[in-house]
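Trainee: After the C-alpha cells below, expect a handful of questions from me.
The values are calculated or read from the model by the stated rules, or taken from the named source; none is laboratory data. This is a predicted model, so every value here is computed, not measured. Note that each Cβ is placed from the backbone with ideal geometry, even for glycine, and that neighbours are counted across all protein chains shown. Only protein heavy atoms, including side chains, enter the accessible area calculation; ligands, DNA and RNA are left aside. Shrake-Rupley method; radii C 1.70, N 1.55, O 1.52, S 1.80 Å.
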Amino acid sequence: MSTPSSPARTYALVLAGGSGQRFWPVSRDRLPKQLLRLFDEKTLLEHTINRLAGVVPRENILILTNCQQVEGVREALPDFPAENIIAEPEKRDTAPAIALAIAWVAARDPQATMMVLPSDHLIQATDEFQRALRTACAAAQSGGNLVTIGIKPPGPAPAMAT
C-alpha cells in the first residue's frame, strides 16, 4: 500500500465555466454564479480556492473557465498564478475539461493525486470539508481508486427544466 499523497503531490481542478444562466437575470455569460458575491464580500470561486488552503498548494490548482469568463476569474483572484487559469478555446463540457486537467497534472507529476471541484458551491464547514478531501486523497492513493464525495440529500428533488 502506498502512502497518502502529500500536499505537494496533490492537485485540484476547479471547474469555473458555464453559461451564466443559473441565476439569471443576476448572472450572465460574463458574470456566472461562481463570480457572484451571494453570501458575503467574496465570490463563490474565491471561497472554493480558499477552502483548498493547506490541502492543495496554490501552484497545484488549475482553474478551467471559458473565454468569456477568464477576465472575471482573473479579477476575482488577482494573486492567483495566471498560468493556472485556462480558458477553454471551445465549450466542450465536463469530461473534456477533466481530461485536459489530467494531461496538465500528468505533465507535472505522473504519480500525483487529482481532485475535481465545482467553483459554485457554498460549503461552510471548511474544516470538515478539508478532512473529507484528505481522507479521499488517501483512499485514492492507496489503490488507484476513484473517490467521489457528496452529501446525502434530505429527499428526492426533480431536475429543474431548462
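Trainee: Cβ contacts < 9 Å: first residue closer than 30 Å to residue 114 by Cβ and open to solvent by less than 90 Å² (accessible area, probe 1.4 Å), restricted to region 145-162; second residue part of a loop (DSSP other than H, G, I, E, B) and modelled with pLDDT of 80 or more, any location; separation 6+ or different chain. Result?
Mentor: Filtered contacts from region 145-162: no entries.
Trainee: Could you list, in sequence order, all residues of region 76-87 that are of a type outside the set (Val, Ile, Thr) and under 16 Å from residue 15 (Cβ atoms)? Reasoning before the result, please.
Mentor: First, pick out the residues of region 76-87 that are of a type outside the set (Val, Ile, Thr): 76-84, 87.
Selection gives 76, 77, 80, 84, 87.
Trainee: Just need a number here: residues in region 116-144 that are within 18 Å of residue 49 (Cβ to Cβ), open to solvent by less than 80 Å² (accessible area, probe 1.4 Å), in contact (Cβ under 8 Å) with a residue 40 or more places away in the chain and assigned to a helix (DSSP H, G or I).
Mentor: 5
Trainee: Out of 51, 74, which single residue is modelled with pLDDT of 90 or more and open to solvent by 60 Å² or more (accessible area, probe 1.4 Å)?
Mentor: 74
Trainee: Here's something else I'd like to know. Which of the numbered conditions does residue 90 fail, given that it passes all the others? Conditions: (1) open to solvent by 70 Å² or more (accessible area, probe 1.4 Å); (2) touching a residue at least 12 places away in the same chain (Cβ under 8 Å); (3) more than 12 Å from residue 15 (Cα to Cα).
Mentor: (2)
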